[in-house]
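Notes for the one structure printed next.
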Amino acid sequence: MMTGKQLVEKYLSFFKEKKHAIIPSASLVPENDPTVLFTAAGMHPLVPYLLGQPHPLGKRLASNQKCVRTGDIEEVGNASHLTFFFMLGNWSLGDYFKKEAISWSYEFLTSKKWLGLDKNKIFVTCFAGDKDAPRDEESAKIWQECKIPKEKIFFNAKEENWWGPAGKTGPCGPDTEMFYDTGKKKCGKNCRPGCSCGKYFEIWNNVFMQYNKTAEGKFELLKQKNVDTGMGVERTITMLQGKKSVYETELFKPAIDEIAKLSKNKNEKSMRIIADHLRAASFILSEEKGIVPSNVEQGYILRRLIRRAVRNARLLGIEGKFCSSIAKIFVKIYSNEWPQLKNQEQAICLELDKEEEKFSKALAQGTKEFEKLFKQNNGKITAKEAFLLYQSSGFPLEMTIDLAKEKGLDINKKEFEKEFEKHQALSRKGSEQKFKSGLQDNSIETTKLHTATHLLHSALRKILGPYVQQKGSNITPERLRFDFSNPDKLTDAQLKEVEKIVNEAIQKEIPVQREEMSLEEARKKGALAFFESKYAPEKVSVYTINSFSKEVCTGPHVKNTSELGKFKILKEESVSAGIRRIKAILEK
Ligand code: SER
């Protein structure tokens, strides 16, 4: 029986044979990409290269990328939806296109040397065509040449068979998706690949990025045609092992067994939610960026995952602290391939314990208040009350919605979310939306701020000392935001000095140079590189601003610091213990 680990090995060897360079998984927390909170697909870290920047390792790449996606969080608990998963992918950056991508997919799935899946159980879907782009007959024809019969090829509209741009503009195109028939009965006359009943398991998606969506909403043909594919590890081994759900595979089973042991009531969906959410939380907490539960951005998603797990545990009759005992099981399952889980085990457990305790208190208090309100209102709850409940006892909106649903109330989620948005600086829906989207904004404004970030980083190290390390960066066209390690608040004088140093570098009109080299060489030359070193790529780009700054980075950057304008710090604040944040802008 093939394990998840073996599937990953096979996939990467297959694409190595097809002349692909294997790139390491990027961090779950993207650098310099304001459009997403987490890396949600293997292609996210590759956006600059999909847009035409040369990749140091060539035009054919493959990887096993850790991903977090919460767009479908409500679906978690069915056979295959997960908030955290591993995505295998292969890419062509303007090299091969549909013919090779599809025939390699077919070969990998069906050849006895590779996965050896039953070809009679494979179904595929292609793009049906609309006013923007024609029906993808080309892909369908290639599938037929691979001996997939016509009746197993289905055509769907954009909602199903088109990928990107996740942002407003950028590369995108039709995709072709591969499904495996589980043998389950059709749920109805219209049941077909893509139906959510679970008969057809989606295992792989090949995206053909041949268009660029412009700001005017036009789809122009791209000069560089790319292939971007994604295969879910958990889903695919479920099929290979003949299992009914991802939770029966070795990647989950020990955790599910433990949850079942602790539970008084055996609700399968709740047990699965707990396992999925705590696996996701453990991986997020293992990141070097130091994400901890909070009310904003990544921290909010993390908080929500942990809290949903705890709430489901209560539904199962699990009392007392339990999260860290489940996290330890995941550490055991994954730490060979992902050693940072083992390295961070203590921190993971500590944060889970803390959040669980906090939430248990809020839950007890909030449930009481909810019941009171519910009675007072004769079995109703309004959006305003839901918000007040959140404000007074930290009772999260989704919990109120869940409780109301359990009581049989028909809740208009949008209306509730609107009420929350009215009151809060960062809307929850905003984070979700951000979360779903994907493509980086490579406008000139963000490019400038990107270079300014390197200058800021160097200036901070000059003023505070070389122990200062980048902990996170987030750039929008309006501002940069830079997190770095430093025990204390910066004084006004220090901030002024940092500003001055950056502005001097701008005035000196220094050229920004890009070179490619191995990470080892880059380090030897004194380039800053904050990687999870085991997963660092073989070749990296190094950006140098004379003796001022040298950093390993994917870019993009301006050609000369003179393009930047005037650098101004707006704010300096604390993010968490030992981590400070600076927000800054460039004035014209
Ligand atoms: N970007 C596509 C997806 O996420 C293929 O990798 O499905």
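Before moving on, here are some points about what is shown:
- Among the conditions (1) open to solvent by 30 Å² or more (accessible area, probe 1.4 Å); (2) out of contact with any helix residue (DSSP H, G or I) (no Cβ under 7 Å at 6 or more places or on another chain); (3) small (Gly, Ala, Ser); (4) within 16 Å of the ligand (Cβ to nearest atom), the only one that Gly194 does not satisfy is (2).
- Of all residues in segment 34-55 being away from the ligand (no atom under 14 Å from the Cβ) and out of contact with any Asp or Glu (no Cβ under 8 Å at 6 or more places or on another chain), the one that is modelled with the highest pLDDT: His55
- Single residue of segment 486-503 satisfying the filter (touching a residue at least 12 places away in the same chain (Cβ under 8 Å) and part of a helix (DSSP H, G or I)) that is most open to solvent (accessible area, probe 1.4 Å): Glu497
- Out of Phe435, Phe420, one residue alone is surrounded by 14 or more Cβ atoms within 10 Å (Cβ to Cβ), at pLDDT below 50 and either within 30 Å of Thr169 (Cβ to Cβ) or among the charged types (D, E, K, R) (or both). It is Phe435.
- Which listed residue, of Val227, Val207, is within 12 Å of the ligand (Cβ to nearest atom), in contact (Cβ under 8 Å) with a residue 24 or more places away in the chain, touching a Pro at 6+ places or on another chain (Cβ under 9 Å) and open to solvent by less than 20 Å² (accessible area, probe 1.4 Å): Val207
- Just one of the listed residues (Ile348, Ile326, Ile301) is farther than 26 Å from Gln470 by Cβ, touching a residue at least 60 places away in the same chain (Cβ under 8 Å), open to solvent by less than 50 Å² (accessible area, probe 1.4 Å) and not in a loop (DSSP other than H, G, I, E, B), namely Ile326.
Okay, residues lined up against (1) of a type in the set (Asp, Glu); (2) under 25 Å from Val292 (Cβ atoms); (3) surrounded by fewer than 21 Cβ atoms within 10 Å (Cβ to Cβ):
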site: Leu12; (1), (2), (3): no, no, yes
site: Ser25; (1), (2), (3): no, yes, yes
site: Ala62; (1), (2), (3): no, no, no
site: Ile73; (1), (2), (3): no, yes, no
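- Residues of segment 274-298 classified as over 21 Å from Asn343 (Cα atoms), open to solvent by 10 Å² or more (accessible area, probe 1.4 Å) and either modelled with pLDDT of 95 or more or over 15 Å from the mean Cα position of the chain (by Cα) (or both), total: 3
- Residue count for segment 448-476 under the criterion of being touching a Ser or Thr at 6+ places or on another chain (Cβ under 8 Å), free of Cβ contacts under 8 Å to residues at least 40 places away in the same chain and open to solvent by less than 50 Å² (accessible area, probe 1.4 Å): the result is 1.
- Beta carbons closer than 6 Å, at least 6 apart along the sequence or on distinct chains, pair a first residue in segment 129-154 that is within 14 Å of Met178 (Cβ to Cβ) with a second that is in a loop (DSSP other than H, G, I, E, B) and open to solvent by 50 Å² or more (accessible area, probe 1.4 Å) for Phe154/Arg192.
The values are calculated or read from the model by the stated rules, or taken from the named source; none is laboratory data. From a predicted model like this one, the values you see are computed outputs, not experimental measurements. Neighbour counts run over all protein chains shown; Cβ positions are idealised from the backbone, glycine included. Areas reflect the complete protein model, heavy atoms only, side chains present, ligands, DNA and RNA absent. Shrake-Rupley method; radii C 1.70, N 1.55, O 1.52, S 1.80 Å.
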